[in-house]
1. Have a look at A:ASP145, A:ASP91, A:ASP119 and point out the one that is of a type in the set (D, E, K, R) and more than 9 Å from ligand 2 (Cβ to nearest atom).
2. Restricting to segment A:100-128, name every residue that is among the acidic types (Asp, Glu) and either in contact with a strand residue (DSSP E or B) (Cβ under 6 Å, 6 or more places away or on another chain) or more than 14 Å from chain B (Cβ to nearest Cβ) (or both).
3. Could you please find all residues in segment B:275-290 being modelled with pLDDT of 95 or more and either at the interface with another protein chain (Cβ under 8 Å from one of its Cβ atoms) or within 16 Å of ligand 2 (Cβ to nearest atom) (or both)?
4. Within segment B:291-301, how many residues turn out to be over 21 Å from A:LYS239 (Cα atoms) and either crowded, with 19+ Cβ neighbours inside 10 Å or facing another protein chain (nearest Cβ under 9 Å) (or both)?
5. Name the one entry in B:LEU113, B:LEU92 that is buried (at least 23 other Cβ atoms within 10 Å of the Cβ), aliphatic (A, V, I, L, M) and either free of Cβ contacts under 8 Å to residues at least 12 places away in the same chain or in contact with a Lys or Arg (Cβ under 9 Å, 6 or more places away or on another chain) (or both).
6. Please verify whether B:ASN99 is part of a helix (DSSP H, G or I), away from every other protein chain (no Cβ under 14 Å) and in contact with a helix residue (DSSP H, G or I) (Cβ under 8 Å, 6 or more places away or on another chain), treating the condition exactly as stated.
7. For segment A:197-223, how many residues are over 22 Å from the mean Cα position of the chain (by Cα), loosely packed, with under 11 Cβ neighbours inside 10 Å and not aliphatic (A, V, I, L, M)?
8. With respect to B:ILE284, determine if the residue is within 7 Å of ligand 1 (Cβ to nearest atom) and part of a strand (DSSP E or B).
Amino acid sequence: MKILVCITHVPDTTSRIAFTDGDKKFDANGVQFIIGPYDDYALARAVELKEQSGGSITVLNVGGAETEPTLRKALAIGADDAIRINAEPTDSLFVASEIAHVAKDAGYDLILMGRESIDFNGGMVHGMVGEILGIPSISPVMTLDIDGDTAKMAREIEGGKEMLEVKMPLVAGCQEPIAEWKIPNMRGIMSARTKPLNVVEPSQNQSGTTLDKFELPPAKGAVKMVDADNVAELVNLLKNDAKVI
Amino acid sequence: MSSILVFVESAEGQIKKTSLEAVAYAKGMGGDVTTIAFGTEVSDSELQGLGNYGASKVLHVKDDRYNKGVIQAYASVIADAMNKEGADVLVLANSSLGNPVSARVAVKVDASLVSNVTELPDTSAGFKVKRSIYTGKAFANVELTKDKKILAIKKNAAEVKEVGGTATVEAFAGSAADSDFSTNITKTEKATGEILLPEAELVVSGGRGLKGPENWGMIEELAKVLGAATGCSKPVSDMDWRPHHEHVGQTGVKVSPQLYIAVGISGAIQHLAGVNSSKNIVVINKDPEAPFFKAADYGIVGDAFEVIPKLTEAIKAAK
Ligand SMILES: Cc1cc2nc3c(=O)[nH]c(=O)nc-3n(C[C@H](O)[C@H](O)[C@H](O)COP(=O)(O)OP(=O)(O)OC[C@H]3O[C@@H](n4cnc5c(N)ncnc54)[C@H](O)[C@@H]3O)c2cc1C
Ligand SMILES: Nc1ncnc2c1ncn2[C@@H]1O[C@H](COP(=O)(O)O)[C@@H](O)[C@H]1O
C-alpha cells in the first residue's frame, strides 16, 4: 500500500502567538515548531498500517526550507521519503492544489492528513484535494482499518460517530483516537538523515484569499473570586451580572 | 446585493441551532436568503419555519438517499443549487459535515472559501471577513478574491433573531451521481436527547481532579439543573472516564457557550484553546495557583466534592 501523509509545520501548542511586519506576519521568534498534532495522528496510523501490511509512506509539506527539520522528524517516526513543495502557503486552496498536483499520477492508495492545521484551522485541505482528484474525502476520521481494497472508518459527528466504508483511493482527515502519537527512537533518527527529501517547486499558484492583517483578541478582564462557603454569591453573579442562568 | 444560499442541517427532524445562526448571518448580509435542506426526516412545517429567521425560500432535497450525510453527494447537490439559483455566496455553519462538504463545493464552483468566520463581512472595499486562527488565540482578516464566496461560520458569529414570516418550500432534485454515493455509511451512533456539546449554550466540564468516572454523578447533576452539556479534559477521555466526543480543547471539541464551568481542570494551554471563545468562564479548583484562574471570569478555590453539590443546590434554589 502506498500512503501519502501531508503534515504541517506549526508552533508548539504552548506557544504565545504574536505578529510582526504591521501584523502581516507570524512572529516566529523563540517559537518551537512541531508536526501538527492531528497530522501526527495521521502519521502514526500510517506507520501502524505499514507495519501490518507493508508498503511505503511519503510525507509531504508545502513550506519553506525551515520546515525540513519537521519533515526529518516524520522520517524518523517511520516515513520512507519526504517531499517539500517549496512555497510559502497562502491559503487552503493553494496548499490543496499543490498537493493534488503532486499526488495526481503517483498512485497513492491513501492520502492521510490531519482534521485541521492548528495555525490556520481551516479543516479544508483534505476535502479540496479529494475534489480535485475526484476521490472520496472523509473527515474527521477517528478510526481507520483496511480490509482488502476497502477502508473502514469511524467519522466523528456532533454527539457521536458514524461508521463508513469506502473503496480506496481516498483522502482522510484524521484525529484521535486513530492511533497514539509516536516518538522517534534513536535508530529512526539515525536513518532519517539519509532518507530522501525531495524539493519540488510549486506549479499551480492558486489561491482564493489574500491576507489583510492578523489581530490578537482583546485582553481578558480580571477574575472575580468567590468564597467557597458562599456559592450563593456565584449564582447571584451568574444570574444578575453575567445574565447567563 | 448578492443572492445567498444557506446550507441548513437538521438532526432528529429539527433544524440545528448552528444552522439558524447561518441563516441569521446570511440575513445580516442583506439580500435574499434561500436555504437548502436534505432528507426526508425534516418536515415541511419545520422548513417553512426558517422564514421566521429570515429565509424566503427553502430548496428541499426530499430524498431518503440524503438522510445520511454523504459528503460527496451533498457537495454535488449544493454546487448544482448554487448554479441554478445564481447564488454567488454560500453560507453554512462550521460542522463535521459542513466543513468537508464546503471544501468540495468550493472546488466545484471555483469559490473563495473561508471557515471559522466570526463576524459579518466588510464589503465597503472588496469582500473581507474575520476568521479565528491559532485555535482561538488570534484572528486573521482576509479578503475573498473570487467571484463566488463560501463562508463557514463559527458558532456565535451571528445572533439568531425571530423576524416573523414563513418560507416557501420547493422540491429540489438531488442530482448527485451514483459515484457520489460510493461511501457507504453502515451505522450511526449518536447520543439522543442529550444537549450536544458543540452547540451548547451552557457547559459543565470535569478534569482529572475529579479522581474517577464514578464521581461524574455530581457533574451530571449540576449540568441537568442548568440544562447544560457535559464536557471533560483530554486525559479524562483518554482514560475512558468519559466518551471521546466530550473531550474539549486543542485536539477535541471547541466550544463557544455563554457559560463554561470547569471543575478540577488545571487549565493547560491546550485545554484553553477549546474554550477561549466562551462568553463566561467559571473555574472551580482546589489549587489557587491553577493556571485556569487567569482565563476565568469567576473563580472558586475549593474542593469540588464540597463545592459542586452546594452549587447545584444553590442554583435549584435560585430557579
Ligand atoms: C499536543 C497536545 C494537545 C493536547 N490537547 C488537549 C485537549 O484538547 N484538551 C485537554 O484538555 N488537554 C489537552 N492536552 C493535555 C493538556 O496539556 C493537559 O495535560 C490536560 O488538559 C490536563 O487535564 P486536567 O486539567 O484534567 O488534569 P490535571 O492537569 O491533572 O489537573 C487536575 C486539576 O484538578 C485540580 N484538583 C484536584 N483535586 C481537586 C478537587 N478535589 N477539587 C477541585 N480541584 C481539584 C488540581 O488542582 C488540578 O488543577 C494536550 C496536550 C498536548 C501536548
Ligand atoms: N502547508 C501544508 N503542507 C502539507 N500539508 C498541509 C499543509 N497545510 C495543511 N495541510 C494538511 O491539511 C490538513 C488540514 O489543514 P487545514 O485545512 O489548513 O486545516 C492538515 O492537517 C495537513 O494534513
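The values are calculated or read from the model by the stated rules, or taken from the named source; none is laboratory data. As the structure is a computational prediction, the values presented were derived from the model and not from experiment. All Cβ positions, glycine included, derive from the backbone under ideal geometry; neighbour counts span all protein chains shown.
1. On the way: A:ASP91 fails: more than 9 Å from ligand 2 (Cβ to nearest atom); A:ASP119 fails: more than 9 Å from ligand 2 (Cβ to nearest atom).
Sole residue among the options that is of a type in the set (D, E, K, R) and more than 9 Å from ligand 2 (Cβ to nearest atom): A:ASP145.
2. From segment A:100-128, those among the acidic types (Asp, Glu) are A:105, A:109, A:116, A:119; that's our starting set.
Scanning segment A:100-128 gives A:ASP105, A:ASP109, A:ASP119.
3. B:ASN280, B:VAL282, B:VAL283, listed by residue number.
4. The initial filter retains those residues of segment B:291-301 that are over 21 Å from A:LYS239 (Cα atoms), namely B:291-292, B:294.
Imposing the further condition that a residue be either crowded, with 19+ Cβ neighbours inside 10 Å or facing another protein chain (nearest Cβ under 9 Å) (or both) reduces the set to B:292, B:294.
The total comes to 2.
5. On the way: B:LEU92 fails: either free of Cβ contacts under 8 Å to residues at least 12 places away in the same chain or in contact with a Lys or Arg (Cβ under 9 Å, 6 or more places away or on another chain) (or both).
Only one candidate qualifies: B:LEU113.
6. Numbers: part of a helix (DSSP H, G or I): yes; away from every other protein chain (no Cβ under 14 Å): no; in contact with a helix residue (DSSP H, G or I) (Cβ under 8 Å, 6 or more places away or on another chain): yes.
So B:ASN99 fails the test.
7. From segment A:197-223, those over 22 Å from the mean Cα position of the chain (by Cα) are A:203, A:212-213, A:215-223; that's our starting set.
If we keep only those that are loosely packed, with under 11 Cβ neighbours inside 10 Å as well, we get A:218-219, A:221-222.
Add one more test, that the residue is not aliphatic (A, V, I, L, M), and what stays is A:218, A:221.
Going through segment A:197-223 one residue at a time, the tally reaches 2.
8. yes
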